[in-house]
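Structure first, then comments.
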Amino acid sequence: MESKISIFLPTSNLCNLLVLVFFCFAACPSLGRLSFNFYATSCPAAELMVSNTVRAASSNDPTIPGKLLRLLFHDCFVEGCDASVLLQGNGTERSDPANTSLGGFSVIDSAKRVLEIFCPGTVSCADIIALAARDAVAIVKFPILIFILRRKDGRISNSANVRPNIVDTSFTMDEMIKLFNSKGLSLDDLVTLSGAHTIGLAHCSAFSDRFQQDSKGKLRLVDTSLDSTYAKELIRKCPAGGSITSNTVSNDPETSFAFDNQYYGNLLAHKGLFQSDSILLEDGRTRKQVEEFANNEERFFRSWGESFLKLTTIEVKTDNEGEIRQSCSFTN
């Protein structure tokens, strides 16, 4: 199989690209099973079709990039990057309460429909999810995009596998480290990939444990690691008696639609939305990296490129381990 580099990259960053590629071949166990520019012959315009679909959807709904990035995380952490999160039906991952707030499914379905017209039975839903997340980040600023493809779609999707394999916002640092390590991701990857919270929205229920209702029925802050002014703003947007499952707030209160290093600046200002965000600053094992990323966006971007590539190669399926679905919502 021909293996080439498919990139959208400023030429001044070519050296960084080469370093990144060599790093990832050493750090990603599944990388050797995938290929750069895999669809060059079978569907040359595959990446362009996905990119155009993502851009069109994002122009109509600026929350799409955050939804696609979250969808990738929930796919790859459960059963690996195999599009199992897309499968519909009772008892599937998609039906689990932890996944009911996921979005971006219609974008993946739209891209798949176009691809099936021009390249039937060729491009997997798993590759579409990965490409869509990559392009979503590109839309909101991230400058370096290289990619490897060839994932097959999984045939198994079990809701019982969801909760043990995704990060809960109330996790301790040790719990997060254990989960990330089980996916072949390091402590550095944990801090870096948490930067995904620089875009996207969160339901009030995801951080309601940081507040408590007093005797008068009003919310008060009980998590002292949170900035008090920011906490008041969250209470205003998520009032007692309001819907904590439908009301949403931006993950990043400063630059919610830009993929940048502001997330880490927010942490330094004690404005991490989730408990699992704030703990990155509080824990001595991760505080230095938070401070470094807050002060050096280029360093964060370089680290994101490495960690994102590792994320998208978690437990991938190739050859007979999976299939190319005709519809992303159902197995063949």
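The 3J(HN,Hα) values that the Karplus relation (6.51, -1.76, 1.60; θ = phi - 60°) gives for the range 300-317 are, in residue order, 5, 4, 5, 5, 4, x, 5, 6, 5, 5, 5, 4, 6, 10, 5, 6, 5, 10 Hz. Gly and Pro appear as x. A 1.4 Å probe run over the protein chains yields, for the range 145-225, 46 Å² of accessible area per residue, whole-number rounding.
In this structure, N161 and N295 have a Cβ-Cβ separation that, at R0 = 25 Å, corresponds to a calculated FRET efficiency of about 0.05. The range 108-166 and the range 283-331 have Cα centres lying 13 Å from one another. Pairs with C-alpha atoms separated by more than 24 Å, drawn from the list K141/K237; K141/K317; K67/K141; K141/K271; K67/K232, are K141/K237; K141/K317; K67/K232. In a fully extended conformation the segment linking A40 and R113 would gain 24.4 nm over its present Cα-Cα distance, using 0.36 nm per residue. Against the main long axis of the alpha-carbon atoms of the chain, helix 125-139 sits at an angle near 60°.
Peptides 210-222, 298-310 ranked from most to least packed, by the mean per-residue count of other Cβ atoms within 10 Å: 298-310, 210-222.
Of the residues N60, N296, N99, the one that moves most in a GNM of the chain with alpha-carbon contacts below 10 Å is N60. Each label was represented as a point 7 Å from its Cα along the Cα-to-Cβ direction; for L48 and K183 these points are 3.3 nm apart. Sorting the segments 268-276, 121-129 by their mean number of nearby beta carbons within 10 angstrom, highest to lowest, gives 121-129, 268-276. Computed about its Cα centre, the charge dipole of the chain is approximately 380 debye, with only Lys, Arg, Asp and Glu carrying charge at their Cβ.
Helical runs (DSSP H, four residues minimum) scored at -39500 (n - 2.57) apiece and divided by the length of the chain put the mean residue ellipticity at 222 nm at -12500 deg cm²/dmol. The portion of the accessible surface of the chain made up by carbon and sulfur, rounded to a whole percent, is 51 (1.4 Å probe; DNA, RNA and ligands excluded). Site pair A269 and K218 shows an inter-label distance of 2.5 nm when each label is modelled 7 Å from Cα along Cα→Cβ.
For the chain, modelled as a GNM whose springs connect Cα atoms under 10 angstrom apart, the maximal fluctuation among R55, R236, R70 occurs at R236.
Bridging of K183 to aspartates and glutamates at a Cα separation below 17 Å is possible for D75, E79, D82, D168, D174, E175, E306, E315, once same-chain residues fewer than 8 apart are set aside. Compute the length gained on full extension between S101 and A56: take 0.36 nm times their separation in residues and subtract their Cα-Cα distance, giving the result in nm to one decimal. Here the segment from S101 to A56 would lengthen by 14.0 nm.
Relative contact order of the chain: 26 percent, from C-alpha pairs under 8 Å at least 6 residues apart in sequence. Judged by the mean number of other Cβ atoms found within 10 Å, the most tightly packed of the peptides 179-187, 254-262 leads the ranking 254-262, 179-187.
Between A138, A45, A196, the GNM of the chain built on Cα springs shorter than 10 angstrom shows A45 fluctuating the most.
The values are calculated or read from the model by the stated rules, or taken from the named source; none is laboratory data. A quick note: this is a predicted structure, and the numbers were derived from the prediction, not measured. Please note: Cβ atoms are built from the backbone with ideal geometry, for glycine as well, and neighbour counts cover all protein chains shown. What goes into the accessible areas is simple: the full protein's heavy atoms, side chains included, and nothing from ligands, DNA or RNA. Shrake-Rupley method; radii C 1.70, N 1.55, O 1.52, S 1.80 Å.
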